[in-house]
Each structure stands twice: as C-alpha cells, then as structure tokens.
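Visitor: Have a look at this one before I ask anything.
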Amino acid sequence: MFTFWILRGLALLLGITALGLLLQRTGIVLSCRRYVNQCWTQHKRVVVLLLGAGVVLMLTTLTYPIHFALPPSMQSHAPGSMPASIPLWNVVQFLAHLGSLECVEDIGADPRAVPPAITRIENETVSLTLVAKEVIAEVAPCILFNYWTYNETTPGPMLRVKEGDTVELTLTNDPSSLHVHNIDLHSVTGPGGGASVTNVLPGESKTFRWQALAPGIYEYHCAMANVSVHNAHGQYGLILVEPKEGLPLVDREFYLVQGELYTQGSLGAKGLQLFDAQSALDSNPSYVTFNGRIETAPRMYAKVGDRIRLYVGNGGINLVSSFHVIGEIFDVVYPEGSIGETMLTDVQTTIIPAGGATIVEFTVEVPGKYTLVDHALARMNKGAWAVLEVTGLDNSSVFQPVESQD
Ligand SMILES: [Cu+2]
C-alpha cells in the first residue's frame, strides 16, 4: 500500500537532482531553441532524469493515493474514491499465487440446489455460514476467470429462512483470499445490510445477528469497496424469507441469478481473462450468464404437468434483466420479489432490476426444451440463457404441428 509514496519520493528525488544539475551547468538565460538544443547535446543525463521524473509522476496518480492500481489512470467518485480498478499489488499477488489458487471444476451454482420449504410453525434462531473464497474457473470451455465467490459457486448458495426468524450469519474469508470481503443482504434492516459489521480479512470470521422482518426473495452480495468490482467477480446470491403462512406447494423449484463478467479479452478469447474495469464502467460486459457460466447442458428437468417455481435474481452490475421463458407464460409473477397480494398473472416477460429478484410460477403442459433468456436478446450471444427440459406425453390439444396438405 506504500507503493504510491515510494514512487512519488523517487520522482521528487529525480526531479531535484535534475534541477540541481541544470542550475550547476547552465548559468545564463538561453533562448528556448538554444536551450533545448543545449540540453539535448550537452545535458542528456539531465533530460533523461527529467523525463524519468515525469514518467514516474504520471504513474503515481493522485486520484487514489492508497493503491497504485491497474489501470493507473482510472478515477472514481464512489464513496471513498476507490476506483473500479484492481490494486496493482493484488494483481502481482494474484499472478504470483496463480498456481496455488483453487481451480473449481464447475463455478455455476446448481439451479436445483434450492433449500426445502420450511414446514415449522414457530420462529427459530437460524445459523448460516458462508465462506468468501477467490477461485479460478471456466466461464466457457478454455475461457478462465478469477471468480470471487461465496462457498465456491456463482451465485453463492440460495439461503432460506422464515419471516420472523432470527438469523445468525457467520462470514469467513478463506485464508487464500487476496481481498477483504463482507456481505450485504437486502433482507436485513440495519447499516449496510450487514456489510458494516462483516468486513473480514483473509482468514478472519465475523458473525452478526438480524431478524427477518419482511417476506420476499432478496439479493445478497459483497459490498466491500469497490462494490461493483466484487459483484462483477461473481460475489452475489439470493435469500428467500418465506412468509409466515409459507408459499403454495409446487412440484419443482429452481434457483437462477443473472450476472455480468467483464474481461480484458473480447468475447470468446481463450485463456485466463483478467477483469476489465473500463468495460464495467462502460456497461459493456463480455459475458452475461445465468448461474456464473455459459451453459453446456440442461440442468433443470421437469415432467409434463409439473408446477414450476423459479427464483430468479440479477446480480448486476449494470443491466436490467428482461426475464422470459421461450414457449411459456408465467401464470404468476411476484413482482420484484414481493410476496404480497399484488401478484401478476399471465405475464410473458418480467423485469428484474440490478440487485433485485423475482419469483415466477407456471405449469408445463407440453414436453420439450424451454430456453430461459434475458429477452434483450443480443445478450444470448454473451451467454444469457439456460434450458429447462420437460419430458412426458405430447399434449396435442395445447400444441401440435400440422401436416402440410400438399
Ligand atoms: Cu468481496
């Protein structure tokens, strides 16, 4: 963290040395042209020193005095002025420890990993544990990214509590992490949603207690500065606060969170991709994913007649999702994740704001493959799709091809 001051001190030393040499060697006022010529022909050492001082000064940006970061010229007006760039020392550390960072085979949280419905009547104190960990994983085959996770998946695990429960959440930062992390749950009423009391250094753990006051489906995410950088590395998930009376029974529940990845390499570039802060500020992600990576095979299955419930979030950091299931109509939408009496019916596409979530329900009547998309369809090219595969008997009264009469 003292790199900035070392470089500024070096620049000052070079500049003073150059000025001293100039004063010593040039005693008279010269015309500008003669002065430049004289400097170049007779005082090359002075010129080199001055140029060196200038270069070092340029490297030591004044916009963020704590870290010398990559890229060096990036500014930020976020609280604390921490830019969206990665501190250079962390980049060096990351590259130095590349071989020892854990490589996760599948970064994408399993959409079937939904905690079971809560059947108890009484409220309880629920203990939850999350581990912040930085890992390497594939966005797509042979395209690697340094994900910052909760429990080694993006999104982190879906959490489920009951309205009125007291929750004790422990956040541990894995010793291998290079960054400080914390957690902000949108279901928490209190400073930072918990972030203000859960800043954890690598190897550290902190616990806080909160009460689940309102039902709904909420995002949780890391809120350590620069917040957008932590979220853009995949550090988010959803927590369901079930209403006291519970949710209607369904046959299958799935968990999906849309997210954005910003890489130095363009779309499809192979190899390890470093984070691109400028693309993040320009709202131009390289990849838009459901559950952290581009899907390679369906992971959601159902049978004809099943009632489906999807918990869908948007980890951001820039896009609003226009969530749609191709070939289905949402019978019910809990708009913006609100579990109240204002449910919408028969909806084709629903909006999920960055940092928001929704619940949709529908019954599958016809077998086939149903593609879930962000209906800003250009994003499908960046990975914003997943497949629900439905098996069972054809339902010709609802859907059937018609033979040509020719
Ligand atoms: Cu973090």
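Where a number appears in this text, it was derived from the coordinates with a stated rule and is not lab data. Being a predicted model, the structure only gives us computed values, none of them experimental. Quick reminder, even Gly has a Cβ in these numbers, built from the backbone with ideal geometry, and neighbours come from all protein chains shown.
Visitor: Could you tell me which of Thr296, Val387, Ser176 has its Cα farthest along the dipole of the chain towards the positive end, charges placed at Cβ (Lys, Arg +1; Asp, Glu -1), taken about the Cα centre?
Guide: Value: Ser176.
Visitor: Counting only DSSP beta bridges with both residues in the chain, tell me the antiparallel percent, nearest 5.
Guide: Working: 59 of 88 bridges.
Here the share of antiparallel DSSP bridges comes out near 65 percent.
Visitor: Give the order of Ser338, Ser279 when sorted by the count of other beta carbons within 10 angstrom, beginning with the fewest.
Guide: Fewest to most other Cβ atoms nearby, the residues stand as Ser338, Ser279.
Visitor: Determine, for each peptide in 290-303, 250-263, the mean count of other beta carbons within 10 angstrom over its residues, then list the peptides with the highest first.
Guide: Working: 290-303: 19.1, 250-263: 23.4.
Taking the mean over residues of other Cβ atoms within 10 Å, the ranking is 250-263, 290-303.
Visitor: Treat each spin label as a single point 7 Å out from the Cα along the C-beta direction, and report the Glu168 to Gln405 distance in nm.
Guide: 7.4
Visitor: Evaluated at 37 °C with a viscosity of 0.692 mPa s, what Stokes-Einstein diffusion coefficient in µm²/s does the chain have when Rh comes from the Kirkwood expression over alpha-carbon pairs?
Guide: Numbers: Rh = 23.9 Å.
So the translational diffusion coefficient is about 137 µm²/s.
Visitor: Can you sort Ile121, Ile143 from fewest to most other Cβ atoms within 10 Å of each residue's own Cβ?
Guide: Values: Ile121 9, Ile143 22.
Starting with the residue having the fewest Cβ neighbours, the order is Ile121, Ile143.
Visitor: Gly313: net charge of surrounding residues, Cβ under 13 Å, Lys/Arg +1, Asp/Glu -1, itself excluded? Each step should come with its number before you reach the end.
Guide: Details: positive: none; negative: Glu219, Glu260, Glu336, Asp374.
That works out to -4.
Visitor: Here is a further query. For the Cα atoms of the chain, what angle does the longest principal axis make with the long axis of helix 44-59, in degrees from 0 to 90, nearest 10?
Guide: 20
Visitor: OK, next. When the chain is modelled as a GNM with alpha-carbon springs shorter than 10 Å, which of Val332, Val312, Val360 fluctuates the most?
Guide: Val332
Visitor: What is the fewest-to-most order of Phe399, Phe208, Phe145 by other Cβ atoms lying within 10 Å of their Cβ?
Guide: Listing Phe399, Phe208, Phe145 from fewest to most nearby Cβ atoms yields Phe399, Phe208, Phe145.
Visitor: Okay, next question. Going by alpha carbons, how many degrees (0 to 90, nearest 10) lie between the helix axis of 3-25 and the longest principal axis of the chain?
Guide: The helix 3-25 is inclined about 20 degrees to the chain.
Visitor: Kindly provide the helix-only [θ] at 222 nm of the chain, computed as the sum of -39,500 (n - 2.57) over DSSP H runs of four or more divided by all residues, to the nearest 500 deg cm²/dmol?
Guide: About -5500 deg cm²/dmol.
Visitor: Calculate, for Thr125 and Met343, the FRET efficiency according to 1/(1 + (r/R0)^6) with r their C-beta to C-beta distance and R0 25 Å; round to the nearest 0.05.
Guide: Approximately 0.25, to the nearest 0.05.
Visitor: Once each part is reduced to its C-alpha centroid, what is the distance from the range 243-269 to the range 281-354 in angstrom?
Guide: So the separation of the two Cα centres works out to 7 Å.
Visitor: Considering only the range 253-391, what is the antiparallel percent among its DSSP beta bridges, to the nearest 5?
Guide: 75
Visitor: So what does the Cα-only Debye profile of the range 253-391 read at q = 0.09 Å⁻¹, as log10 I(q)/I(0), no solvent term?
Guide: Taking Cα atoms of the range 253-391 as identical point scatterers yields -0.28.
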